[in-house]
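The values are calculated or read from the model by the stated rules, or taken from the named source; none is laboratory data. All values reported here derive from a predicted model rather than from experimental measurement. Heads up, the Cβs are rebuilt from the backbone with ideal geometry, glycines too, and the neighbour counts pull from every protein chain shown. Side chains are part of the model used for accessible areas, which takes the heavy atoms of the whole protein and leaves out ligands, DNA and RNA. Shrake-Rupley method; radii C 1.70, N 1.55, O 1.52, S 1.80 Å.
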Amino acid sequence: MSNSNTAPPANGSDTLVPVTGTKRRVSYFYSPDVGHFYYGPSHPMKPHRLKLAHHLVLSYGLYHEMECYRPHPATSGEMTKFHSEDYINFLSKITPDNLRNFTTQMQKFNAGEYTDCPVFDGLFEFTSLCTGASIDGAV
């Protein structure tokens, strides 16, 4: 693991090499809406914890030491650059109220209550926010 005084070498070795005269740049991406989603009681992902972490960033003044950004929600078109159009359409249509209409797709995409990918209210919006943050962070 690197710190502010070392960096991984370009040759792929695990040995860290000293870096002089550089300041680490930290970029922070946060959308206030991300903490409003709920995966369900049996899933370990708790988006409200992201909101709690954000409050710590604010309370401790850490944002003064970072470049802070509000990511854009990714469009369906942006998401189809990384996933099939069939999958993105599925995410945009499925809800807890209509999931019985998507039994075949739920099996195909490994989605559902007893999987790592539960169907919850706002699934597509949450996915869009996370994907947008990933795209913005990579650019």
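Quick check on the stretch 49-56. Is at least one of its residues among the basic types (Lys, Arg) and within 23 Å of Ala138 (Cβ to Cβ)? Working first, answer last.
Our first condition is that a residue be among the basic types (Lys, Arg); within the stretch 49-56, this holds for 49, 51.
Cutting the leftovers down to within 23 Å of Ala138 (Cβ to Cβ) gives us none.
No, the stretch 49-56 contains no residue that is among the basic types (Lys, Arg) and within 23 Å of Ala138 (Cβ to Cβ).
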Task: Enumeration of residues in the stretch 57-66 that are open to solvent by less than 70 Å² (accessible area, probe 1.4 Å) and of a type outside the set (Val, Ile, Thr) - done: Gly61, Met66
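Among Ala53, Ala133, which is open to solvent by less than 80 Å² (accessible area, probe 1.4 Å), without any contact (Cβ under 8 Å) to a residue 12 or more places away in the chain, part of a helix (DSSP H, G or I) and not hydroxyl-bearing (Ser, Thr, Tyr)?
Numbers: Ala133 fails: without any contact (Cβ under 8 Å) to a residue 12 or more places away in the chain.
That would be Ala53, the only listed residue that is open to solvent by less than 80 Å² (accessible area, probe 1.4 Å), without any contact (Cβ under 8 Å) to a residue 12 or more places away in the chain, part of a helix (DSSP H, G or I) and not hydroxyl-bearing (Ser, Thr, Tyr).
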Task: Scan of the stretch 114-130 for residues that are touching a helix residue (DSSP H, G or I) at 6+ places or on another chain (Cβ under 6 Å) and in a loop (DSSP other than H, G, I, E, B), ordered by number - done: Val119
- [ ] Please state which of the following conditions Thr115 fails to meet, knowing it meets all the rest: (1) touching a Cys at 6+ places or on another chain (Cβ under 8 Å); (2) surrounded by 13 or more Cβ atoms within 10 Å (Cβ to Cβ); (3) polar (S, T, N, Q).
- [x] (1)
Open item on the list: Suppose we filter the stretch 76-87 for residues that are surrounded by 13 or more Cβ atoms within 10 Å (Cβ to Cβ) and either closer than 22 Å to Val139 by Cα or within 16 Å of the chain's Cα centre (by Cα) (or both); how many remain?
Closed with: 5
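A quick yes/no check of all residues on (1) open to solvent by 80 Å² or more (accessible area, probe 1.4 Å); (2) assigned to a loop (DSSP other than H, G, I, E, B); (3) over 18 Å from Thr131 (Cα atoms):
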{"site": "Thr22", "(1), (2), (3)": "yes, yes, yes"}
{"site": "Lys46", "(1), (2), (3)": "no, yes, no"}
{"site": "Ser92", "(1), (2), (3)": "no, no, no"}
{"site": "Thr95", "(1), (2), (3)": "no, yes, yes"}
